[in-house]
Amino acid sequence: MARPATMAAAAGASDHYARLLQLCQTAANPSTGRAIHAHAVKAGLLASAYLCNNLLSYYGGAGASGGSFHDARRLFEEIPDARRNMFTWNSLLSMYAKSGRLADARAVFAGMPERDAVSWTVMVVGLNRAGRFWEAVKAFVDMVGEGLVPSQFTLTNVLSSCALTEACGVGRKVHSFVVKLGLSSCVHVANSVLNMYGKFGDAETAMAVFERMKVRSVSSWNVMVSLYARQGRMDLAVSMFESMEERSTVSWNAIIAGYNQNGLDNMALKFFLQMLSDSSMEPDVFTVTSVLSACANLCMLKMGKQMHSYIVRTGMPYSGQIINALISTYAKSGSVETARRVMDQAVGTDLNVVSFTALLEGYIKLGVMEQAREIFDLMNNRDVIAWTAMIVGYQQNGQNDEAMDLFRSMIRSGPEPNSYTLAAVLSACASLSCLDYGKQIHCKAIRSLQEQSVSVSNAIITMYARSGSVPLARSVFDRICWRKETVTWTSMIVALAQHGLGEEAVGLFEKMLRVGMKPDRITYIGVFSACTHAGFVDRGKRYYEQMQNDDGIVPQMSHYACMVDLLARAGLLTEAWEFIQQMPAAPDAIVWGSLLSACRVRKNADLAELAAEKLLSIDPNNSGAYSALANVYSACGRWNDAARIWKRRKDKAVKKETGFSWTHVQNKVHVFGADDVLHPQRDAIYKKAAEMWEEIKKAGFVPDLNSVMHDVDDELKEELLSRHSEKLAIAFGLISTREKTTLRIMKNLRVCNDCHTAIKFISKAVDREIIVRDATRFHHFRDGFCSCRWEFCEENCDAIYVWFALTAIGEMFQAACSIMNWFGDCAKEFMIHVGPMLVMLILDTTNRMLREKLVELYDEEYR
């Protein structure tokens, strides 16, 4: 009878040790658990399967801190196969799965002699927690295939995996299991179903589940509020929020984040203040992050600082989420240096690309590109937004070469450019007139199917236009097969206007109206510019009225400036002055500058003095005003007054804007100033320039010495003219490119009369097309002619009228007709000026054939 007593005593001891182990697990006392294990070994109690299972359960619950996976595994190996039951296997499996050691868990799972629902649940839970959601879903499917019934715990985990992978089909089948098993009334399971449909964005099904729930927890309401907020249905989100009898911090976070993420930042801050005043809830890290995001979007630096103070005062941990939000808030609110200090102090914090990009954009807004680039270089994982922000920053700050270099680096080692990246680098190409590289970007846009983006297609049109290739720009415009937007039409109209193709620009505008597109204020600026370049004064006036009466666009200063420029360039200085007097707003510098520029052409010194005075009162450091007024005096032969203006500018220390020209050859931009001596090929350039100068003089070119506004001898004037920056750029182009190649020259100021005439002669002498883009427009020089015929005539009208009269009076009929043909589209405007002359010629000429022709012209234009 002694043996049964001994066995009973051993069983009791085993149970006692097992209960102690369970207490160790709840008390989180790992060292004591190991001591119990040691005592059990000494007492010879490991024969008890119950005690061994509890030891395994203890090691599994305590993980590596309780002993070691090695100890647990050794204990398992020491248990004889006969005494290993399902609980033993599941305990070992659970230990590995909970610790994330999925490879070991899979090995144990595969080696199990049999598996029950707990075994499968352990695997589903382990995979779900490890973020391997598809594998968790597959494990669940296999479990059901084995004919095992999932528990609540299995279902909540697989529903979570379905939600995070958006596995709608499997998720709905899992939902059907929930219904079949009668677990719809279980709040935890029902909330998991609700959350899954919320993640799917299926508001209707989610609402149906919500309404069928007999018992709803705060989490149930929170899911619905979050779902509607994510969908931007803030009215329904607020309705659900206000219907809640009890709210948690999560409830407030859902509504605040919803407003913030939907761009309603003022409402987000309103609910945050309501949270502080109407509830006892303390904001958590998610609340603070959403509020800081709203402050950043609204540039509310003061409130952002208050939130920062709250973080410090409450001792809220400086998590990566908080640090990133603070950096974004300070950077977007203009306090870039504070944002930088926050970043520098965040040692070891996981800063994300969003905060870096916000700081980067902050420096870009201030134009501090060196520090912006420093931040960019510090970023470890630059996404396409960061690359694009840096490229856009360079482009907007005039550093187009750097923008293009960075884009090349992005192509080599960065992410795939998006439409915003391509649009930005195309703008850089347009600024530098890099036609060849722009074509490469265009090809990339076609290959990546981004040419269909409105921003990219418009940037391509602008790039070709500003690089001097109107045919390619028009080809892209005509090839756009989807519905053209207003901005697309505007881009093409502006391009045509800049190239002096006023008739085509106006024709395209009329077509735009016929197809039902509504022009905007920028469209009208392009149309006014076209009318100005073509001399279409009456049309310009009509469009000005149409803009206000038909399209309801209130004129802005840019429109007023265009109208003044239109009238003044046409020689209607008095009408331009009256227009300025009737303007409802005070004229700006551009308006007065347009009037002043026209005064030089018309040699109206009195009005020029008035316009210059007004311009200098607005912008005292405008060197152009001094130059224009001095030029008017010089054109009128008032050299002393011109010298007085130059002295006045010098006394006031106003620096004249330096003129320079540049051209793009072999993927490199070459910049030239007047009398430039810095270019490495200067000797060859000056030699070619001298040869070119002598050649065009032999062809009949006479230097315009009046273009030199200094009282020096004629020989020095001619030398200065021969070394203007655009002439040096052309000389460089001639020695650096193949014959017949089109030269593209850019200039930051307006081309002077001498250069304009000289380039016409050069284009004929070298048999090349030369495209010059100056501060106001494009000039296409070919075969001795320039595309800006009307503007040239307008500035040299007196000489042309005399030319026409001499040829006609001298009965040089063919020459007179050639003059008329040369005017092309502008013939009608020319006829308005020469009408009285025609009457005189009709009366005086003795040539019957010429008289008949003149009468025919008069009848066509005046009756």
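Rule-based calculations on the coordinates, nothing more; no lab input. The shown structure was predicted, so the numbers you read here are calculated from the model rather than taken from an experiment. When we count neighbours, we look across all protein chains shown, and the Cβ atoms used for this are built from the backbone with ideal geometry, even at glycine.
Assorted remarks:
- Normalising by residue count, the stretch 123-197 has a Cα convex hull of 73 Å³ per residue.
- With the highest mean first, a sort of the peptides 585-593, 750-758 on other beta-carbon atoms found within 10 angstrom per residue produces 750-758, 585-593.
- Here the scattering of the stretch 660-789 is modelled by Debye summation over its C-alpha atoms, one equal scatterer each and no solvent; at q = 0.16 Å⁻¹ the log10 of I(q)/I(0) is -0.74.
- In the stretch 640-735, the trypsin sites (Lys or Arg not before Pro) that fall in loop regions by DSSP, at most 15 other Cβ within 10 Å: Lys652, Lys655, Lys656
- Once the gyration tensor of the Cα atoms in the stretch 404-475 is diagonalised, the equivalent ellipsoid follows with semi-axes of 19, 14, 9 Å, ordered largest first.
- Working note: Debye formula, equal point scatterers on the alpha-carbon atoms of the stretch 445-521, no solvent; log10 I(q)/I(0) at q = 0.11, 0.23, 0.28 Å⁻¹ is -0.25, -1.08, -1.46.
- Note that the stretch 648-658 has calculated 3J(HN,Hα) couplings of 4, 5, 5, 5, 8, 6, 8, 7, 6, 5, 6 Hz, one per residue in order, obtained from phi through the Karplus relation 6.51 cos²θ - 1.76 cosθ + 1.60 (θ = phi - 60°); glycine and proline are x.
- Scalar couplings 3J(HN,Hα) for the stretch 460-474, obtained by applying the Karplus form with A = 6.51, B = -1.76, C = 1.60 to θ = phi - 60°, are 5, 4, 5, 4, 5, 5, 6, 8, x, 10, 5, x, 5, 4, 5 Hz; x denotes Gly and Pro.
- Modelled spin-label separation between Glu114 and Val669, with each label point placed 7 Å from Cα along the Cα-to-Cβ direction: 8.0 nm.
- Additional length obtainable on full extension of the chain from Thr486 to Ala103, 0.36 nm per residue less Cα span: 131.9 nm
- Shape category assigned to the stretch 232-313 from the gyration tensor of Cα positions, a/c cut at 1.5: oblate
- Local electrostatic count at Ile770 - Lys and Arg +1, Asp and Glu -1, tallied over other residues with Cβ under 13 Å: +4
- Charge sum, other residues only, whose C-beta stays under 13 Å from Ala130's C-beta, Lys/Arg counted +1 and Asp/Glu -1: +3
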